[in-house]
Every structure is written in structure tokens, then in C-alpha cells.
Amino acid sequence: MGKVIGILSLKGGVGKTTSVVSLGAALASFGKKVLLVDANFSAPNLGIHLNLIEPQKTIHHVLSGDAEIEEAVYDFENLHVIPASVYPKKQFDPLKLKEKLKKIKNKYDFILIDSSPSLNNETLATIISADELFVVSTPDYSTLTMTLKAIAVAKKRGT
């Protein structure tokens, strides 16, 4: 069964998406089967980062019940990617992420989740879904303060 790793920061622009893509590419280069998931539902960047501009099915479709998770997986070089919709058309429940990932967890060595940069249900979905968390930060006071807050929430949740 695969390991789910959430990449987390409560501040935007610190390199979460770049870290997800770079770590995913590195793991894939070692022959690991890797899935990248964009769980930054309000401001998705992972798909855009990988030139998946207008995917037909996304994690939003999965979480709103309009698609099965397998339908939202795209091949990108030696990685698999589930992008998010830039303009979601329906309501969705981010807290269903863990339940949906369980369906495909055994198909991958690693599932890397790119999270939202704020403390809300989007970030909570990543914290709940992850077996492990990698916290990304920059060395300034406000970012470190927010990082410590994220770590406290994750510890409280047992991640």
C-alpha cells in the first residue's frame, strides 16, 4: 500500500507545488509509481505547473461525485497527476479526499498532495488524508509562525 505525503504550508508562494513536482519526479526516477494530487482547491497550480490547463476531469469532479477517481488521473511523463479545476462548477466536500484516495492508494508507491496555503477545510483535508506531512517554509517570522500553527494542527490530528 502506498504512502500518502501531504506537502503543507499556511503561506502561499513558499514552494509547495514546486516541491511536490520535484519530489514526485525524483521518486519516479528511482522507479517508484507516483501520483500527484492538487488539493489546493481554491487556487490550483499543480495542473498548470504541468501544462494540464483544462483537464476534462479533476479532483473537484471526484469530490462532487461527478467522476470516479480513476477518471481524473492523467499521465505526465513518468508521473500520474490528478489536477484541480480552476473554475469548479459544483459544490464539493474537500474532507472526502481521504476516502477517495483509499480507492487507489494500493496502486502507487507514493501519493503526494499539494495543499492549500491557508488553515481551512482544504488544508484539513490534506492533513487528514496524509500518512506523513512535509512542511515547507521560508525563514521569515510570519511564515515560521504559520508553519508552527500548521504543525500544531497536524499533531493534534495525529499526522
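All of the numbers you see were taken from the coordinates with simple rules; none came from a lab. Worth saying up front: this structure is predicted, and the values here are computed from it rather than measured. FYI the Cβ positions are ideal-geometry reconstructions off the backbone, even for glycines, and counts take in every protein chain you see.
In the chain, the inverse of the mean reciprocal separation of distinct Cα atoms equals 15.3 Å; this is its Kirkwood hydrodynamic radius.
Can you give me the relative contact order of the range 1-74 as a percent, contacts being Cα pairs under 8 Å and 6 or more apart?
Numbers: 40 pairs, mean separation 13.0, N = 74.
Reported as a whole number, the value is 18 percent.
The separation of the range 1-64 from the range 126-152, counted between C-alpha centres, amounts to 17 Å. Helical runs assigned H by DSSP (4 residues or longer) give the chain a calculated mean residue ellipticity at 222 nm of -10000 deg cm²/dmol, each run adding -39500 (n - 2.57) before division by the residue total.
Nearest 5 percent is fine: what portion of the DSSP beta bridges confined to the range 3-157 is antiparallel? If you can, show how the numbers build up before the last one.
On the way: 3 of 21 bridges.
Around 15 percent of the beta bridges assigned by DSSP in the range 3-157 are antiparallel ones.
Based on C-alpha pairs under 8 angstrom that are at least 6 apart in sequence, the range 3-157 has a relative contact order of 40 percent. A Cβ-based charge dipole, computed about the Cα centre of the range 36-152 with Lys and Arg at +1 and Asp and Glu at -1, lands at about 360 debye.
Hey, what's the per residue convex hull volume over the C-alpha atoms of the range 58-147, in cubic angstrom?
Numbers: hull volume 11.3 nm³, N = 90.
Convex hull volume per residue, Cα atoms: 126 Å³.
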